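Single-structure report; data block below.
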Amino acid sequence: MVYIELTRRCNLSCPYCHRDKVDSVEDLPLTIVEKLITQAKELGVYAITCYLYGESLLYRNFMKVFKMLVSSKFPYIFLNTNGVLLKGTIAKELAQTDFQSLTVSITGHSLEEYAKNQGYERPGEQHNNVYENIHRYLELRSNFGLQNNLYLRCIYTDENKEDTVAFIDYWIDKVADIHVSRLLTRFGANNEIPLPHDGRCYRLDSNMLAVHADGNVSPCCVDLWRQLIVGNIHNQSLSEIVENDIYKELYYYNDNNLKKMPEICKNCDYTIRNHDLMDVASAKNMMLYRDGFNALDLTKEGILFGVNGQMHNFITACKMYDLDFSFKIIDNHRTGTFNEYIIAKPDPSIIEGKDIIIFAQSIKSQNEIVKQLEEMKVGRILLYSSMLNQTA
């Protein structure tokens, strides 16, 4: 996947964003963007997004870039915006084009929360305009007979819990989904989770390239400080960059010697073994967990087995909707703690007599875990898929 930062400029000043803490840079020239898109296609890139830290719709030639991406027929095209400029010709052009997803990042359903989180000088006016822009885009999309591809993204904290619930309740039936995230560690920033960083970086596993507005290329989309630079698109092609020694060395250490990974990687949440516990949650899945929670008659001290994104949906639902369920998390890979939840290697003394919910990445691994548990004296074995009314 390739991230293209068309611009680092933004029309909002969100207090949790670190964009203003680094040097400003000029917009990426259109000629460089054109070359980049051509090279990405030749390299076999399957997904591309015009997003890093700036507001892409501020880019003077944004629509030219978007049309180039569409005409190049990338399988997946993802766009992100704060919604302020999602109107007029831009909204109409996007709404009538078939592409993967458009995500609007907005934290704050009430005017007070919007003003606090989006940093705009006229929050009331801007809040209403963004909501109107979203409604209009959805209307246009429907009129053109295309599938709803609009997602919302918000940041959840303990302080804005009620507002986030109200935000979800308002939008959940109108958009494709809402991605609920929390402030995570990005090279030491927003650090609030005391977990050892002893895992491998799954961002590198995804063959990612992030092209910054100054042309510098990093294998990490959260490298705002540009400390993992592996090349520059102004004087190198994408194929030259992915074949150079710096790029290959990062991949080698990620697979074979984590201690030699750069220091900044060691302070990032994406190198935590259990990073899925802190990843983005799907509001629609969270609500399914909430609605099916009491029907499952879960014990007060159940066990969660395995770690993936669905477990995060469950944990976030428990916290956001105050579901009365204390549990332990069991992970074969490591020991440690995650807030009040215990991450521990399977121990019969912990498992015995407990209900267990299995969060597995695949049916195969799920069945392997079930077989292992059946040999122990456990309570009920529940599958997360059954909580979502899916076939296990």
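Which far-off residues, 5 or more places away or on another chain, put their amide H under 5 Å from the one on Arg153, with H placed in the peptide plane?
Amide H neighbours of Arg153: Val104, Ser105, Ile106, His179.
Under a 1.4 angstrom probe, counting protein chains only, how are Val45, Val33 ranked by accessible area, largest first?
I get Val45, Val33, largest accessible area first.
How much accessible surface does Thr38 have with a 1.4 Å probe, in Å² rounded to 10?
70 Å²
Let me check something: with ligands and nucleic acids excluded, how do Arg136, Arg380 order by accessible area (1.4 Å probe), largest to smallest?
Working: Arg136 115, Arg380 90 Å².
Descending accessible area places them as Arg136, Arg380.
The values are calculated or read from the model by the stated rules, or taken from the named source; none is laboratory data. Note that this is a predicted model, so its numbers are computed, not measured. Accessible surface areas use protein heavy atoms only, side chains included; no ligands, DNA or RNA. Shrake-Rupley method; radii C 1.70, N 1.55, O 1.52, S 1.80 Å.
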